[in-house]
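Novice: Can you keep this structure in mind? I'll have questions shortly.
The values are calculated or read from the model by the stated rules, or taken from the named source; none is laboratory data. Since the model is a prediction, treat every value here as computed from it, not as a measurement. As a convention, Cβ positions derive from the backbone with ideal geometry for all residues, glycine included, and neighbour counts pool all protein chains shown.
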């Protein structure tokens, strides 16, 4: 079956996306709820998380995506493959993150990735970008000490903006180097592969929860 076609850009400030997602009964979602959790914000079609769930069965993976058809398709594929450490959720991360993370066992959130988010190029659309101060503060509250946030984009100004938002929060410190030349995760995203195959740069940085 061909992949479902969806709009590339979705305005998270639109009225239809203002109702926060309700937490699920996570014990029914994950076979082992107390495993460390990797949260991927803006997971798109979810292939990155699908591959991560295969190679790291001792982790749980949760993908958040604002385009509902992609979530339906991704969950269907994960279910067909019998992956009990993977789930995708349709939501607006900017208003759903806090209620969702508060429903997980304390200390389980250990890794967060935000990769190639919608850049919303115009300055007047900057509030539509996913990495807002409130999102950083929520991650600071729920990410365990020593946990990491991995950020990457093929747009330098977006990578710099994300870096600055996390650097401004006292709970986060940047990793050993400001910009990474390699992806520290074992699986690249489809956008990352596409960008590198064109010979274009990818801007990556890593933050650690103090």
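Novice: Out of 130, 145, 136, which single residue is within 22 Å of residue 183 (Cβ to Cβ) and in contact (Cβ under 8 Å) with a residue 40 or more places away in the chain?
Specialist: 130
Novice: Further question: What single numbered condition from (1) over 30 Å from residue 125 (Cβ atoms); (2) over 15 Å from the mean Cα position of the chain (by Cα) fails to hold for residue 51?
Specialist: Result: residue 51 passes all but (2).
Novice: Now a separate question. Residues being surrounded by fewer than 16 Cβ atoms within 10 Å (Cβ to Cβ) and either assigned to a strand (DSSP E or B) or in contact (Cβ under 8 Å) with a residue 60 or more places away in the chain (or both): count how many of those fall in segment 52-71.
Specialist: Counting residues in segment 52-71 that are surrounded by fewer than 16 Cβ atoms within 10 Å (Cβ to Cβ) and either assigned to a strand (DSSP E or B) or in contact (Cβ under 8 Å) with a residue 60 or more places away in the chain (or both) gives 2.
Novice: Which of the residues belonging to segment 22-43 are farther than 15 Å from residue 112 by Cα and in contact with a strand residue (DSSP E or B) (Cβ under 6 Å, 6 or more places away or on another chain)?
Specialist: Scanning segment 22-43 gives 29, 30.
Novice: Moving to a separate point now. Can you find a residue in segment 74-93 that is more than 28 Å from residue 15 (Cα to Cα), surrounded by 15 or more Cβ atoms within 10 Å (Cβ to Cβ) and touching a residue at least 60 places away in the same chain (Cβ under 8 Å)?
Specialist: no
Novice: Oh, and also: Considering every residue within segment 22-44, establish whether at least one is within 13 Å of the chain's Cα centre (by Cα), at pLDDT 95 or above and over 24 Å from residue 126 (Cβ atoms).
Specialist: Yes, segment 22-44 contains at least one residue that is within 13 Å of the chain's Cα centre (by Cα), at pLDDT 95 or above and over 24 Å from residue 126 (Cβ atoms).
Novice: Can you name the residue in segment 175-210 that is touching a helix residue (DSSP H, G or I) at 6+ places or on another chain (Cβ under 9 Å) and assigned to a strand (DSSP E or B) and, of all such residues, is surrounded by the most Cβ atoms within 10 Å (Cβ to Cβ)?
Specialist: Per the criteria, the residue is 207.
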